[in-house]
1. Hey, how many Å between the Cα centroid of region 191-211 and the Cα centroid of region 75-146?
2. Using helices alone, I'd like the mean residue ellipticity at 222 nm for the chain: each DSSP H run of four-plus residues gives -39500 (n - 2.57), total over residue count, nearest 500.
3. Compare the peptides 201-210, 62-71, 101-110 by average per-residue count of other Cβ atoms within 10 angstrom and give them in order, highest first.
4. Ignoring ligands, DNA and RNA, what percent of the 1.4 Å accessible area of region 92-203 is carbon and sulfur?
5. Per residue, how much space in cubic angstrom lies within the convex hull of the C-alpha atoms of region 260-354?
6. Can you give the angle from 0 to 90° between the axis of helix 2-23 and the longest principal axis of the chain, with both taken from C-alpha atoms, to the nearest 10?
7. Long-range amide H contacts for Y106: which residues qualify at under 5 Å (H placed 1.01 Å from N, peptide plane, sequence gap of 5 or more or a different chain)?
8. Between the helical axis of 299-311 and the dominant principal axis of the chain, each derived from Cα atoms, what acute angle in degrees is found, rounded to the nearest 10?
Amino acid sequence: MEDVCVLISLSMLTFLMIRVFDYQTHHLSSPNMAQMAPYEVDDCRGVLKVYSDGSIWRSTEPSFRVPVLDDGSVLWKDVMFDQPNNLHLRLYKPALAVAKKLPVFYYIHGGGFCIGSRTWPNCQNYCFKLALALQAVVVAPDYRLAPEDRLPLAVEDGLASVKWLQGQAVAPQPDPWLVDSADFCRVLLSGDSACGNIAHNVAVRLRAGSKCLEPVRVRGYVLLAPFFGGTRLTESEAHGPKDAFLKWELIDRFWRLSIPDGDTMEHPIVNPFGPVSLDLEPVELDPILVVCGGSDLLKDRAKEYAERLKNWGKDVKYVEFEGQQHGFFTINPDSEPAIQLMQIIKDFITMYST
């Protein structure tokens, strides 16, 4: 009798194990259960991924895989400018400068406020070209990135990098690598894409003459395909080239990940002419050069920005490169349009910093 009971118990245990296995196979692997695991909801050029549970993955590699073209004609070094936030900038200067004192040219990298770095090869190669062609000390700062650090922190970091320069200008023991070559009275601030936006916001904060930075003097601003937005799409955003380097889907994704939680596309940093933005008409600004590609989806906003400021009496120049995509000057820095742009920037520096 005991053998029969043991046999029945073993049979029952086997039955239960089969049912458990069947449940795990057909239920735990079902689509409903699979959705409980984090899944990707946003991807920014393969180097930033955001998941459904809010977790974030960042690649240690750049999205632009090009070699660094360092032939020794430009000297460079890294410097920390914001220790609490672990922010660095990269300084460049010609190895054989044509003058003892050189203008200082800021180049702040783009990336939709979400990606990019001063260390990325495309950024470094362009800074090499800027230092040589402009015969300038080039300052390329990093800034905190969204979505971990949303706006306005990137703007604050851009301003902090300029104040770092002021600190060097008045320091009792400044960095001789910088101060022996830099003319602090001839500073120009440029920003690429999202950082064209930062350059605009810094210009508004400093106002004409940049007196709060003395003895540093900002002479002008170069906005390279500035990244502005708004609730209503422009013609170029809605009907721009489908094969654009910067597609609307990515533009929208960058804004969603970078604007403050709970805010809209009418945030003052997004839309400088929005309903809650500062009235720029009475604001005195230093000269501004605005550049955009004719096939860039951001073209209409860049052109409107320049035209509005010009109509209000600001010293603003708008240059559009027909048929060129977003970021054409860093993607193909040896192209004819990129060479023309470099000369335009050089002429702008000469006009306003002599």
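1. The two parts, judged by their Cα centres, are 16 Å apart.
2. Values: 11 runs with 125 residues, N = 354.
Mean residue ellipticity at 222 nm (helix-derived): -11000 deg cm²/dmol.
3. On the way: 201-210: 18.2, 62-71: 12.2, 101-110: 24.9.
Final packing ranking: 101-110, 201-210, 62-71.
4. Details: 1770 of 3170 Å².
Carbon and sulfur together cover 56 percent of it.
5. Values: hull volume 11.9 nm³, N = 95.
Roughly 125 Å³ of hull volume per residue.
6. Approximately 30 degrees, to the nearest ten.
7. Placed amide hydrogens put V139, L188, L189, S190 under 5 Å from Y106.
8. The helix 299-311 is inclined about 40 degrees to the chain.
The values are calculated or read from the model by the stated rules, or taken from the named source; none is laboratory data. It should be emphasised that the depicted structure is a prediction, and the values quoted were computed from it without experimental measurement. Using ideal geometry, Cβ is built from the backbone for each residue, glycine included, and neighbour counts are taken over all protein chains shown. With ligands, DNA and RNA removed, areas are computed over all heavy atoms of the protein, side chains included. Shrake-Rupley method; radii C 1.70, N 1.55, O 1.52, S 1.80 Å.
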